[in-house]
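Data block below; observations after.
Laboratory data are not the source of any read-out in this text; all were calculated from the coordinates shown. Values in this document were obtained by computation on a predicted structure and should not be read as measured data. Glycine gets a Cβ as well: all are built from the backbone with ideal geometry, and neighbour counts include every protein chain shown.
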Amino acid sequence: MNVVIAGGGVIGLATAWRAQQRGLSVTVVDPAPASKASHVSAGMLPPGNEQLYDQPKLLALYLASRDLYPSFAAELEEFAPSGYRRDGVLDAAFDYDALHTLDHQFAFQEDLGIAVEKVTAEDVARLQPAFAPALGGLLSPDDGAVDPRVLTASLQTALKKLGGTVLRERVVRVDGHTVILGDGSAVPFDRLVLAAGCWTHHIEGLPKGAIPEIRPVKGQILRLHSDPPLLNLTARALSKGSSLYLVPRLDGELVIGATYEERGYDEVVTAAGTGQLLARAADVLPGVGNLRFAEMSASLRPGSPDDLPVIGPTNVPDVFLASGHFRMGVQLSPVTAEAMAGYLTDTAVPNPAVPFSPLRFG
């Protein structure tokens, strides 16, 4: 069976890899694979977040993907480094409201059976000596992070070694069982997966309403560098009613994010965004101003009409959708890939993925 995947971000590439493993012939079409939201993402893999507290179906999907990550990364390591780290996530509270928030998170994780321990202010200072004085925190030893740039490169390597193809073009239109590319060429398919993030619903040729509108949500992320690394562990710093995530890489890079902006298809990096992240980081990392500036980047996260992922068959025969993962594309890539491989091969689909069918939009 010939499968075309429109979109080469982490979701499209993970789906392509799993589908190729299942014996399908896969072609990914993307003018610049892994260059959009996946490229900018920090890749934090926390034990959970506030978005999951009142979303039981999303929580089940998230936990299924969390359980899959170690084996998903281990399989990729057979082809190339995956960029996966499972050495813990530290949540640190810098005011009393944040400390209360972490009490709620502690109970939430304990109820789910996710390993977590309360740590004192002294423990936080020991775990992250570069931090300003904190009031306490939580340590989740079984969680961590992945470098999405390494991950997507590994997925492309694995796909190609298994016989898959990546075409650096853009799908502009669907015409029956053929996609028309930006250069005018045509690629036939038996099944088509639309995974082009917030550009997915711009693909022409499908019936009106077949694809829900996936809106762009802008996020800006700062990358700094030091030698040796400033932080030891992936961390979230909670203060003043918000959470700042800090993701260190082994090479000394520190990823700090992120902003949240409803600004349409604006991908401009702004001085305000840079200043906001630097100011927030300086509150919890007094030495951050001495780090070398590496990069400031912006991306467009794909948000569905209900802000939940859209995974599965559409009402158009042989056309499938994998998009709308919003802020959790990297976290949900293993379970999405498993689900899409199941749909494409008419085999079992992980139960937590079933509620996220595109057909819920009517």
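Here are the numbers for this structure:
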| quantity | calculated |
| --- | --- |
| Enumerated helices (runs of 4 or more DSSP H) restricted to the range 1-83, each holding at least 1 residues that are in contact with a strand residue (DSSP E or B) (Cβ under 9 Å, 6 or more places away or on another chain), over 24 Å from Ala237 (Cα atoms) and free of Cβ contacts under 8 Å to residues at least 12 places away in the same chain | 56-77 |
| Unmet requirement for Gln220, which otherwise passes all of (1) part of a loop (DSSP other than H, G, I, E, B); (2) more than 30 Å from Ile180 (Cα to Cα); (3) not basic (Lys, Arg) | (1) |
| Total residues in the range 139-176, condition more than 24 Å from Gly9 (Cβ to Cβ), in contact (Cβ under 8 Å) with a residue 60 or more places away in the chain and not in a strand (DSSP E or B) | 1 |
| Residue in the range 205-212 that is at positive phi, touching an Asp or Glu at 6+ places or on another chain (Cβ under 8 Å) and surrounded by fewer than 21 Cβ atoms within 10 Å (Cβ to Cβ) present | yes |
| Verdict on Thr120 being without any contact (Cβ under 8 Å) to a residue 24 or more places away in the chain, exposed (fewer than 13 other Cβ atoms within 10 Å of the Cβ) and at negative phi | yes |
| Any hit, the range 179-188, residues being under 25 Å from the mean Cα position of the chain (by Cα) and either surrounded by fewer than 21 Cβ atoms within 10 Å (Cβ to Cβ) or under 30 Å from Ser25 (Cα atoms) (or both) | no |
| Answer from Gly209, Gly136 - the residue that is more than 21 Å from Gly9 (Cα to Cα) and without any contact (Cβ under 8 Å) to a residue 60 or more places away in the chain | Gly136 |
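One line per residue, one yes/no per condition, for (1) surrounded by fewer than 21 Cβ atoms within 10 Å (Cβ to Cβ); (2) touching a Leu at 6+ places or on another chain (Cβ under 8 Å):
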{"position": "Ser239", "(1), (2)": "yes, no"}
{"position": "Val247", "(1), (2)": "no, yes"}
{"position": "Asp251", "(1), (2)": "yes, no"}
{"position": "Thr259", "(1), (2)": "yes, yes"}
{"position": "Gly264", "(1), (2)": "yes, no"}
{"position": "Gly303", "(1), (2)": "no, no"}
{"position": "Val316", "(1), (2)": "yes, yes"}
{"position": "Gly324", "(1), (2)": "no, yes"}
{"position": "Ala339", "(1), (2)": "no, no"}
